[in-house]
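The values are calculated or read from the model by the stated rules, or taken from the named source; none is laboratory data. Bear in mind that the values here come from a model prediction, so they are computed numbers and not experimental data. Here the Cβ positions follow ideal geometry from the backbone for every residue, glycine too, while neighbour counts run over all protein chains shown. Each accessible area value is taken on the protein alone, full model and side chains, heavy atoms only, with ligands, DNA and RNA left out. Shrake-Rupley method; radii C 1.70, N 1.55, O 1.52, S 1.80 Å.
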Amino acid sequence: MSQDALVERTAVPIAEALSKLLGSNVEIVIHSLATETVAYICNPYSKRQIGDPSYLSELDFREDDDRDVIGPHERVNWDGRVVRTISAVLRDDDGKPFALTCFNYDLSDIMAAQNAITALIGAPVSTGEPDALFKNDWHEKMNRFIVDWCRDKNKNVDALAKEDRLELLGEIVRTDGLREKHAASYVARVLNVSRATIYNDIKVIR
């Protein structure tokens, strides 16, 4: 059986079942190791799409890795929500990995409740951050950059005016943030505009 068929017959039903059981707070992404692209996705709140590159090194996966479970880790989504992610390596009958299924759990509701309880009991809130948090994940860096910029400007990423978008893109361009392949497409999805709009904005900026 081909790897694509294995993904379709084994990984996809599991993803669909768990997405229905766990609800919309959990995004489930199936990465095909044959094509190194996103093969399937449930509850896609990360703005990634089927066919997007998987960037397996960012997911802490290597072809010779003997682990079956990777993580959990914490990440920041494009809208500032904290997401806890864990990945399962799927293998064929010969033990060869053919897919990586990532479960991304949105912690924002839990953290909001935790903060409310903390406020009531007066305990200090920790603002610490892990020493190494996906250092090589450009999606993570882009998310943090956009979230921090919007917070500093008191702007909502879902409702940026054109002049705000141009200012934000100018900052991203100046930091060489669009050097990664598909970065412009990803930023377009985050900002809810077309890729053509992003390219036109970049021309204006430059």
Residue 97 being over 20 Å from residue 189 (Cα atoms) and in contact with a Ser or Thr (Cβ under 7 Å, 6 or more places away or on another chain): no
Matching residues, segment 140-152, being hydrophobic (A, V, I, L, M, F, W, C) and open to solvent by 60 Å² or more (accessible area, probe 1.4 Å): 145
Subset of segment 74-109 [under 17 Å from residue 142 (Cβ atoms) and assigned to a strand (DSSP E or B)]: 74, 75, 76, 82, 83, 85, 104
Unique match (being modelled with pLDDT of 85 or more, under 30 Å from residue 68 (Cβ atoms) and either touching a strand residue (DSSP E or B) at 6+ places or on another chain (Cβ under 6 Å) or open to solvent by 20 Å² or more (accessible area, probe 1.4 Å) (or both)) among 197, 101: 101
Top-ranked residue of segment 84-97 - restricted to ones that are farther than 13 Å from residue 56 by Cβ and of a type outside the set (Lys, Arg), ranked as least open to solvent (accessible area, probe 1.4 Å): 85
Test: residue in segment 53-74 that is out of contact with any Phe, Trp or Tyr (no Cβ under 7 Å at 6 or more places or on another chain), touching a residue at least 12 places away in the same chain (Cβ under 8 Å), among the aliphatic types (A, V, I, L, M) and open to solvent by 30 Å² or more (accessible area, probe 1.4 Å): yes
Scope segment 146-166; condition touching a Leu at 6+ places or on another chain (Cβ under 9 Å) and at pLDDT 85 or above; matching residues: 146, 149, 150, 153, 155, 157, 160, 165
Pick from segment 153-180, criterion touching a residue at least 40 places away in the same chain (Cβ under 8 Å) and not in a loop (DSSP other than H, G, I, E, B), ranking: least open to solvent (accessible area, probe 1.4 Å): 157
From 135, 141, residue being within 15 Å of residue 74 (Cα to Cα), out of contact with any strand residue (DSSP E or B) (no Cβ under 7 Å at 6 or more places or on another chain) and at pLDDT below 80: 135
Qualifying residue in segment 181-192 (condition: open to solvent by 60 Å² or more (accessible area, probe 1.4 Å) and at pLDDT below 85): yes
Verdict on residue 9 being more than 16 Å from residue 87 (Cα to Cα) and without any contact (Cβ under 8 Å) to a residue 24 or more places away in the chain: yes
Number of the exception - residue 111 against (1) modelled with pLDDT of 85 or more; (2) open to solvent by less than 90 Å² (accessible area, probe 1.4 Å): (1)
